[in-house]
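*Asks:* What follows is a single structure, and I will ask about it in a moment.
Read the figures in this text as sums done on the coordinates, not as results from a lab. No experiment lies behind these values; they were computed from the predicted model shown. With ideal geometry, Cβ positions are generated from the backbone for all residues, glycine too; neighbour counts draw on all protein chains shown.
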Amino acid sequence: MVKLAMLSLGWRILNRMLTYQSYVQGLEDKKRLTPNGAEYWMARDLQSMLGYASWENFESAIERARMACESAGGSTTHHFHATTNMITAGKGAQRERADLALSRYACYMIAMNADSGKQEVGYAQTYFAIQARRQEVQDQLAGTDRRLELRDRVKSANKNLTSAAKAAGVQKYGVFHDAGYKGMYGGIGKNGVQLLKGIPPSEDLLDCIGRAELAAHELTAHLPASLPAQWGGPPGLPSAWPRADAETEKCLRWR
């Protein structure tokens, strides 16, 4: 009897999984894409997928979702874009019918505010919650990739800056680069910045800061090369840049 009960339970679980996969495929089939690749669904399509026979009843769920979106600070005009489509009425006549183009977030909010007693609503809640989490992970990975790309650009810019400084007569490169940190961080050198941020001396500061801060470092690494000669001498024109007696003064003037 126990084995029979477990077998029956297994079949029910398998059947539910197959039903859910079929439902997901239905949502995927109704999904549309904007020219720039953004996903959206039409409200009339979503209505049937959530098990609503009446548009008026479904509109109530949409309105609750819209209010929830507003409460969360979202843009209802962006996520719930009003539109119309033409349908064929009696005797072949054409008439306009109100519809909405819904973002994935809007669909998720509608599912969360729909009749939870409907099995389709439970499936939709699961699907859109998974999609939201998947997008969140993808955005995090994309952000990491963009940061790594920016870090590589900063590293390359610093190498070019060092070469340009050498051509301009700089000899103490540590003092030179530290002058750049002092200019950016209000007179605090690299070691001081790492101490304030709690970054161990064994770590590289540039590996431990965010994208905005890295972008600022990239700008300061490129800036000296773009300065006019009369502002202190760009690389390639060392004769236009009077050599200072003190190495630190030279570094601070250029950086």
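*Asks:* Yes or no: Arg146 over 20 Å from the mean Cα position of the chain (by Cα), touching a residue at least 40 places away in the same chain (Cβ under 8 Å) and part of a helix (DSSP H, G or I)?
*Replies:* In short, no.
*Asks:* If we scan the stretch 102-116, do we find a residue that is touching a residue at least 24 places away in the same chain (Cβ under 8 Å), more than 25 Å from Gly37 (Cβ to Cβ), touching a strand residue (DSSP E or B) at 6+ places or on another chain (Cβ under 9 Å) and not β-branched (Val, Ile, Thr)?
*Replies:* no
*Asks:* Being within 23 Å of His222 (Cα to Cα), in a helix (DSSP H, G or I) and not small (Gly, Ala, Ser) is the filter here; which residues of the stretch 172-201 pass it?
*Replies:* Once the filter is applied, which keeps residues that are within 23 Å of His222 (Cα to Cα), in a helix (DSSP H, G or I) and not small (Gly, Ala, Ser), the stretch 172-201 yields Tyr173, Val175, Phe176, His177, Asp178, Tyr181, Lys182, Met184, Lys190, Asn191, Val193, Gln194.
*Asks:* May I pose another question? I need the full set of residues from the stretch 85-120 which are closer than 22 Å to Glu70 by Cα and aliphatic (A, V, I, L, M), in order please.
*Replies:* Answer for the stretch 85-120, where residues must be closer than 22 Å to Glu70 by Cα and aliphatic (A, V, I, L, M): Ala98, Leu100, Ala101, Leu102, Ala106, Met109, Ile110, Ala111, Met112, Ala114.
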